[in-house]
Amino acid sequence: MLKVFIRSTVMVLVLLSMTTVSYGKDFKYVGVKKCKTCHSSKKIGAQYKIWAKAKHANALKSLSSPEAMKYAKKHGIADPSKDQKCLNCHSTYATIDHKLLDPKTKMTVDEGVSCESCHGAGSAYKKRSVMKDHKKALANGLNMPDEKTCVQCHNKKNPFYKPFDFKKMVAKISHPVPNKK
């Protein structure tokens with residue numbers, strides 16, 4: 001009787017582990033163009049347009065500024081726009097495991113600090129049916145960034161560090177979905 005119980009328990013555990021593996025979420029990065037598809041309209045907050053005008057969208061370009069080039073030369077960096085130490089905070093694409101790229105994505109290093117740097121890989125939450133339900137979106141990989149997210153780059157290790165006031169800065173880049181009436 002004990003042998004039957006043990007075999008049954010082992011079989012159930014094996015089946016459960018197989019289920020977890022086959023149904024586990026493997027979130028993939030989709031790139032800002034996928035986000036733009038839905039997040040451009042004024043009706044839902046024009047988040048893409050807000051991002052496109054902000055410093056995050058132009059983070060990679062900032063590595064070509066005279067100030068960045070001067071710093072790079074002083075620290076033995078040939079091209080900050082190609083150096084991983086710099087790209088870690090200036091390009092989402094340059095920091096992710098490329099095995100996590102959706103094969104259909106057109107994501108590039110030029111996107112700078114894109115949506116998925118803050119909100120997580122979008123493959124499972126990008127569908128409108130998922131995004132309509134905030135809890136469902138969170139369960140499918142959507143991150144709601146907090147101060148910990150931001151200070152991964154906005155910290156004293158940054159050579160151009162300026163004191164970082166999370167509340168003030170998040171208000172500057174805020175891009176909420178308008179309240180429904």
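Where a number appears in this text, it was derived from the coordinates with a stated rule and is not lab data. Please read these numbers as outputs of a predicted model, since none were measured by experiment. Because the Cβ atoms are built from the backbone with ideal geometry, glycine has one as well, and the counts that use them run over all protein chains shown.
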_trypsin sites (Lys or Arg not before Pro) within segment 110-170, DSSP loop, no more than 14 other Cβ atoms inside 10 Å_ = Lys127, Lys132, Lys156, Lys157
*If you average the sequence gap of Cα pairs under 8 Å that are 6 or more apart and divide by the length of the chain, what percent do you get for the contact order?*
26 percent
_Among the complete DSSP H segments of the chain, which ones combine at least 30 Å of alpha-carbon extent along their axis with a mean Kyte-Doolittle hydropathy of -1.0 or more?_
2-23
*Partners for Lys167 among lysines (Cα-Cα distance below 16 Å; same-chain residues under 8 apart left out)*: Lys148
*What's the center-to-center distance, using Cα atoms, between segment 147-169 and segment 60-119 in Å?*
17 Å
*Provide the descending list of Cα extents for the chain along its principal axes, expressed in whole angstroms.*
77, 51, 33
_Please compare each pair in Lys99/Lys168; Lys61/Lys156; Lys136/Lys162; Lys106/Lys168; Lys53/Lys85; Lys70/Lys126 to a cut-off of 30 Å on the Cα-Cα distance and tell me which ones are over it._
Lys99/Lys168; Lys136/Lys162; Lys106/Lys168; Lys70/Lys126
*Spin-label model distance (nm) - Phe166 vs Tyr71, 7 Å beyond Cα toward Cβ*: 2.3 nm
